[in-house]
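The values are calculated or read from the model by the stated rules, or taken from the named source; none is laboratory data. Keep in mind it's a predicted model, so treat the numbers as computed, not measured. Positions of Cβ are backbone-derived with ideal geometry, glycine not excepted, and every protein chain shown enters the neighbour counts. Quick note on the areas: whole protein, heavy atoms, side chains included, nothing else; ligands and nucleic acids left out. Shrake-Rupley method; radii C 1.70, N 1.55, O 1.52, S 1.80 Å.
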Amino acid sequence: MARFEEVPASGEPASLARVVELAVEVLCTQGILAHPTDTVYGIGGACLPEVDSRVAALKGRGVEEFPLVRIAADATAIQSSFPDLEWNPWAEVLADNFWPGPLTLVLDDGTGTGVAVRVEGHPVLGLILRAWGAPISSTSLNRAGESPAVTSVEAKRNLDRMPDAGIPILLVNAGDLPGPPPSTLVSLAGAEPAVLREGALPAESILDCLRDAAFMTSVLFVCTGNTCRSPLAEAFTRRGARLRGRELPVASAGTFAVAGTPATGHALRAAARRGADLSGIGLVVSVPRAWREWTWWWA
């Protein structure tokens, strides 16, 4: 049976100062925090390998097989704490529309597995995270294979079922929570966004948001002189979009382009053979004057 202390966390933010202070003390000492979220109770701690291992042991599963979610007060905290994460335009769109809230994003970190991140919307946990000043690792408060805790009674019962961790565990008791389903899980680590688990946010809401954002996507192709490769890429992309009934903002630029220089004759002929038009393409000047206006750019 896990030994834990309980602190009630209800009322106005001004009355929660002691709760926040106690929670931060636990995090500073690499202890374990049982905490509320937008949906169910979670359990976690500081983003350290040894803390992750302790949480995984309480959960009854391997941390390698089921990595913990990194939860933060805002997207800036995630980006500064995990600079290796690929924060692509899809992440920007979903974060702007659904954070803080029950949406977990899996972002590529170069390891092939990705890192699951979320900005939490529960007001009590938000106060703790802002005072802590960094993300925490977290998972649902239950043994593997059992139901997550929704009420404070269930939170205490689930802690009783966990083994003794030998370290401080603090239960931030925020009363009864909205309950399952848990957060919706979306992977942005692959070539296309993928809903891995439909949860509190309907999958259709996520996909609708991404489809709407696709119509605002713009593409910039970059080569050296902007007279051959980039103009061809621009022409073929624009033609492909039109064949699909879309007008996609697309352009080309060069790292050493000269304003007004047209595409080469070889490029014009190559485009014509494939039904593309290079008229007026290849006239963008240098990359520094162009790239910030575009959502995607390739070199």
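Cβ-Cβ contacts under 8 Å between residues 6 or more apart (or on different chains), taken from a first residue in segment 1-22 that is farther than 13 Å from Val172 by Cβ to a second residue that is open to solvent by 60 Å² or more (accessible area, probe 1.4 Å) and of a type outside the set (Lys, Arg), are listed as Met1/Asp160; Met1/Asp164; Ala2/Asp160; Ala2/Asp164; Arg3/Asp164; Pro13/Pro123.
Of the residues contained in segment 283-298, none is found to be of a type in the set (Ser, Thr, Tyr), at pLDDT 75 or above and not in a helix (DSSP H, G or I).
When residues in segment 153-167 are screened for being over 13 Å from Val55 (Cα atoms) and part of a loop (DSSP other than H, G, I, E, B), 1 of them pass. Helices (runs of 4 or more DSSP H) fully within segment 1-117 that include at least 3 residues being more than 22 Å from Ile128 (Cβ to Cβ) and open to solvent by 20 Å² or more (accessible area, probe 1.4 Å): 89-98. Scanning segment 153-172 for residues that are small (Gly, Ala, Ser) and surrounded by fewer than 21 Cβ atoms within 10 Å (Cβ to Cβ) yields Ala165, Gly166. Restricting attention to segment 168-187 and to residues that are over 25 Å from the mean Cα position of the chain (by Cα) and outside any strand (DSSP E or B), the residue that is nearest to Leu58 (Cα to Cα) turns out to be Pro168.
Here the condition is being among the small types (Gly, Ala, Ser), farther than 24 Å from Ala203 by Cα and in contact with a Phe, Trp or Tyr (Cβ under 7 Å, 6 or more places away or on another chain); of Ala75, Ala155, Ala149, Ala134, it holds for Ala155 alone. Of the set (1) outside any loop (DSSP other than H, G, I, E, B); (2) among the small types (Gly, Ala, Ser); (3) open to solvent by 60 Å² or more (accessible area, probe 1.4 Å), all apply to Gly145 but (1).
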